[in-house]
Amino acid sequence: MPIKPDARRLGRTMGARSALLRNLVSSLFLHESIITTWPKAKEAQSVAEKVITLGKKGSNRGGAMAKLFDHGRTLPKVFGELAERYRERPGGYTRVLRLPPRYGDNAPQAILELVDGPRDMLYTMTAMAIARANNKGEEASAVTMHNVSKVTKYRTGGKAELMARAKEYSGMVARWATEESREFPRGGRVR
């Protein structure tokens with residue numbers, strides 16, 4: 001995998017960079033969501049999109065094998081479950097969400113996730129926002145409604161499933177709203 005002139009080298013040699021990206025993409029397909037640094041997430045996102053496109057086409061298994069580790073578990077998922085999930089989607093199979101910098105070295109963190117999956121963070125946060133608005137008796141904001149259209153566009157039974165998830169979360173959100181403060185494992189308090 002030659003490095004493009006404008007690509008991030010990630011402080012590694014070509015072989016180490018290739019192995020790093022293969023490992024990140026394989027972990028992404030196995031776990032559907034990973035936390036890493038932002039530059040690594042952006043580079044792995046590009047590789048993951050290409051592998052999923054190969055899986056959708058159903059051809060060139062060798063090309064997908066070259067970009068993945070643990071072929072016994074990742075290839076069947078790419079050519080089976082993920083190809084079926086993204087059959088109608090023209091692209092944009094992954095999402096990178098920024099996180100606060102990592103404690104210790106202040107490296108920019110990010111979540112790299114597969115969209116429309118069970119661990120889709122934007123889907124969960126949208127359901128929480130709807131639950132919060134419903135508990136307050138208000139209409140959901142314009143941003144929330146935009147996110148609803150984004151997360152349900154390619155999901156089968158998307159809106160009904162999202163509303164059911166929001167109803168499921170409404171009790172949890174109501175409990176959080178009534179608590180004056182919450183204890184956290186480190187002993188800190190949030191008000």
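At a glance:
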quantity	calculated
Where a residue in the stretch 78-94 is in contact (Cβ under 8 Å) with a residue 24 or more places away in the chain and small (Gly, Ala, Ser) and its partner, wherever it lies, is loosely packed, with under 11 Cβ neighbours inside 10 Å and assigned to a loop (DSSP other than H, G, I, E, B), with Cβ under 7 Å and at least six apart	Ala83/Gly58
Single unsatisfied condition, His71 versus (1) exposed (fewer than 11 other Cβ atoms within 10 Å of the Cβ); (2) modelled with pLDDT under 90	(1)
Selection count where residues are outside any helix (DSSP H, G or I) and aliphatic (A, V, I, L, M), scope the stretch 157-172	0
Contacts under 9 angstrom Cβ, first residue in the stretch 20-32 being not assigned by TED's automatic domain parsing to the domain that holds Asp70, partner at pLDDT 95 or above and crowded, with 18+ Cβ neighbours inside 10 Å, 6 or more apart	none
Filter pass, Ala48 being closer than 30 Å to Ala164 by Cβ and modelled with pLDDT of 90 or more	yes
Residue match in the stretch 49-58 (condition: surrounded by 14 or more Cβ atoms within 10 Å (Cβ to Cβ), of a type outside the set (Asp, Glu), in contact (Cβ under 8 Å) with a residue 60 or more places away in the chain and more than 24 Å from Met121 (Cα to Cα))	no
Test: residue in the stretch 3-15 that is surrounded by fewer than 19 Cβ atoms within 10 Å (Cβ to Cβ), within 24 Å of Lys150 (Cα to Cα) and in contact with a Leu (Cβ under 8 Å, 6 or more places away or on another chain)	no
Residue satisfying all of: in the stretch 116-143; free of Cβ contacts under 8 Å to residues at least 24 places away in the same chain and not in a helix (DSSP H, G or I); surrounded by the fewest Cβ atoms within 10 Å (Cβ to Cβ) among these	Gly137
Test: residue in the stretch 90-98 that is hydroxyl-bearing (Ser, Thr, Tyr) and buried (at least 18 other Cβ atoms within 10 Å of the Cβ)	yes
Candidates Glu43, Glu84 - the one that is within 22 Å of Lys153 (Cβ to Cβ) and modelled with pLDDT of 90 or more	Glu84
Options Thr37, Thr74; residue that is within 18 Å of the chain's Cα centre (by Cα), in contact (Cβ under 8 Å) with a residue 40 or more places away in the chain and closer than 16 Å to Gly117 by Cβ	Thr74
Breaking point among (1) surrounded by 17 or more Cβ atoms within 10 Å (Cβ to Cβ); (2) modelled with pLDDT under 85, for Ser18	(2)
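This table checks each residue for (1) under 22 Å from the mean Cα position of the chain (by Cα); (2) modelled with pLDDT under 90; (3) under 15 Å from Ile111 (Cβ atoms).
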position: Ser26; (1), (2), (3): yes, no, no
position: Glu32; (1), (2), (3): yes, no, yes
position: Gly55; (1), (2), (3): yes, yes, no
position: Ala64; (1), (2), (3): yes, yes, no
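The values are calculated or read from the model by the stated rules, or taken from the named source; none is laboratory data. Computed from a prediction, not measured in an experiment: that's the story for all the values here. Don't worry about glycine lacking a Cβ; one is built from the backbone with ideal geometry, like all the others, and counts go over all protein chains shown.
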